[in-house]
Each structure stands twice: as structure tokens, then as C-alpha cells.
Amino acid sequence: MPQSNVTPGTPVLDENFKHIAFIMDGNGRWAKKRGMPREYGHKVGSSNFKKICLYCCDIGFQAVTVYAFSTENWKRPKHEVSAIMNILDNYLDELKRDYKKYHNRFRFIGDLSVLTPALQEKIAYVETLNSDQPQVLNIALNYGGRGELVHAFRTLAAEGKTDITEDDISRTLYTSACGDPDMIVRTGGDIRISNFLLWQAAYAELYFTDTLWPDFSPADVDECIRVFYSRRRRFGGL
Ligand code: IPE
Ligand code: IPE
Ligand code: MG
């Protein structure tokens, strides 16, 4: 596993903490505080997302899942939605050029069918990059936990499944390949899930911080790890 950027003092992960998920919230407020348009917050937030993902990969997370755009985020003003789609488009172009700088594969989870054909094509290509890497970055895009469950139930119905088990549902979720997150982190101060990973969150440790996403740093990731290992997970046992 690449450990190139890891400095001494970085927490050591083990098999109990393989998957971290982020609700990257607070870009708009971060920009507003600086008298800037919300779009600027998304731009800085997207740079920070790259930095945090690189760090999480370097320190050895097997899976990182980020909430980039929800099924409800279409309710925002058109100009904000197009700014976010533009950032995504640029990110995909950047990955096409510079994917080797990352040591993970890329998965886009959500209902991608409503994106423009050009974006869908770029996403399909980017998902072929680094395919030999064991670590995965899941980017949730036009994602909603309820929508994901509907998609899973429809898949099972199409298979003709009637005696549906928990395993059947887990294997038809977008995240089937990497399993459930061990911890879900939400930045930006709100204490809610906002339709993220509803099924997968069943026993995730939840971590909420007031820090706005553009300010969230690798040291904050270290703090999440410290908190994770300070908690006693019982999974319903004693
Ligand atoms: C999260 O930041 C990013 C997306 C939802 C795309 P917000 O845009 O929700 O920022 P705040 O919560 O309004 O500050
Ligand atoms: C959740 O943030 C979605 C993403 C971070 C992509 P929102 O800002 O959309 O959530 P609410 O509206 O505060 O619940
Ligand atoms: Mg928000």
C-alpha cells in the first residue's frame, strides 16, 4: 500500500477501520463567510476533496465514499447546479490525464442516467482507470439512499427473487463491492444523514464536526481515526 505522504504520528489503521465516508457539507457557507459566491465554495471544496482522498488512500483506507451531489440537490438554483456539474466535468478530464497520481480506482454511485451523455461517457472511462488498484474511491453523484434501495429492490424483482435476504439487498446496492462504511463523517455542523447510505449506515460510527468542508484537513481525518478507536462498538452485543 502506498504510504508516500504519510508523516510520523499518522494513526495506524487495522481491519476494524477499512472504509470511511464523508458528507462534504458547508461549501456554500464557507464562501459566504468570505463574501464570495457559493460556487467558489464548491471550487475550493473540490480541491479539498482531492487532498483528503489522497490522504485517506495514503494512510491505508481500503474504501473512501464521498457524497458529492444528492438526488435532492437539483432543487438548487440552476447556476449553482451547473457550476457543480462543471467542476465534475473538469475533475473527470483531470483524472483522464493524471490518474496515476492516485492509487485508487474510481466508482461513481447513484443514478447516473440523468447526467448528460458526455458526462456519462467520461465517467464510464474513468471507472476503467487504475482498475488493478485494490483501494476504491466511491463518488456519490445524484445519489440518494432511498433511491438506491428502490434500485436494489427493482434489481431483485427483475431477478425474480421473492425470498429476499439482507445479503441480497447488500449485494444489489451500489456499494456492494466495498461493504459498509465503518465511520460516516459529516462536516458543516448539521447533525443529519440527508439520505446518505441509509442501509449501509446501520452500524457505522457517526462523527459530526462544525468544520466546513473546505477547511477539513488531514489532521481532522487523524482526529476521526482517533475518535473511531476510542469508541466501543457492540453491534448489539455486550
Ligand atoms: C455541500 O456544501 C456540497 C453540496 C451539497 C453539493 P453545501 O453547498 O451544501 O454548503 P452549505 O451547506 O450550503 O454551506
Ligand atoms: C448533503 O448536504 C449532500 C451533500 C453533501 C452532497 P446538503 O447541504 O444537501 O444537505 P441538507 O440539505 O442540509 O440536508
Ligand atoms: Mg449543505
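Any read-out appearing in this document is the output of simple, stated calculations on the displayed coordinates, not a laboratory observation. This structure is a prediction, so every number in the text was calculated from the model and none was measured. Note that each Cβ is placed from the backbone with ideal geometry, even for glycine, and that neighbours are counted across all protein chains shown.
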| remark: On the formula 1/(1 + (r/R0)^6), with r taken between the Cβ atoms of Lys78 and Arg171 and R0 of 35 Å, the FRET efficiency rounded to 0.05 is 0.40
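May I ask which of Lys33/Lys75; Lys75/Lys161; Lys32/Lys122; Lys101/Lys122; Lys33/Lys101 have a Cα-Cα span longer than 27 Å here?
Details: Lys33/Lys75 23 Å; Lys75/Lys161 35 Å; Lys32/Lys122 32 Å; Lys101/Lys122 18 Å; Lys33/Lys101 32 Å.
The answer is Lys75/Lys161; Lys32/Lys122; Lys33/Lys101.
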| message | Calculate the FRET efficiency for Tyr229 and Lys51 from the Cβ-Cβ distance with a Förster distance of 30 Å, rounded to the nearest 0.05. | response | 0.85
| query | What net charge is computed for the residues neighbouring Lys50, neighbours being all others with C-beta under 13 Å from the C-beta of Lys50, Lys and Arg scored +1, Asp and Glu -1? | reply | 0
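Using a Förster distance of 35 angstrom, determine the FRET efficiency expected from the C-beta separation of Arg34 and Gln120, and round it to 0.05.
Result of the calculation: an efficiency of 0.55.
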| said: I'd like the Karplus ³J(HN,Hα) series for the range 229-237: coefficients 6.51, -1.76, 1.60, θ = phi - 60°, whole numbers in Hz, and an x wherever there's a Gly or Pro. | reply: 6, 8, 8, 9, 8, 10, 6, x, x
| Which shape class applies to the range 19-229: rounded if a/c is under 1.5, otherwise prolate when a/b exceeds b/c and oblate if not, where a ≥ b ≥ c are the square roots of the Cα gyration tensor eigenvalues? | rounded
| field | Residue exposure sequence - Val64, Val44, Val114 - by fewest surrounding Cβ within 10 Å | value | Val114, Val44, Val64
| From the square roots a ≥ b ≥ c of the eigenvalues of the alpha-carbon gyration tensor of the range 1-131, which class results: rounded (a/c under 1.5), prolate (a/b over b/c), or oblate? | oblate
| task | Starting from the Cα gyration tensor of the range 125-238, take the square roots of the eigenvalues, sort them a ≥ b ≥ c, and report rounded, prolate or oblate (rounded when a/c is under 1.5, otherwise prolate if a/b is larger than b/c, else oblate). | result | prolate
| said: Run lengths n ≥ 4 of DSSP H only: what is the helix-derived mean residue ellipticity at 222 nm for the chain, with -39500 (n - 2.57) per run over all residues, to the nearest 500? | reply: -12500 deg cm²/dmol
| said: Within a 10 angstrom radius of the beta carbon, how do Arg38, Arg146 rank from fewest other beta carbons to most? | reply: Arg146, Arg38
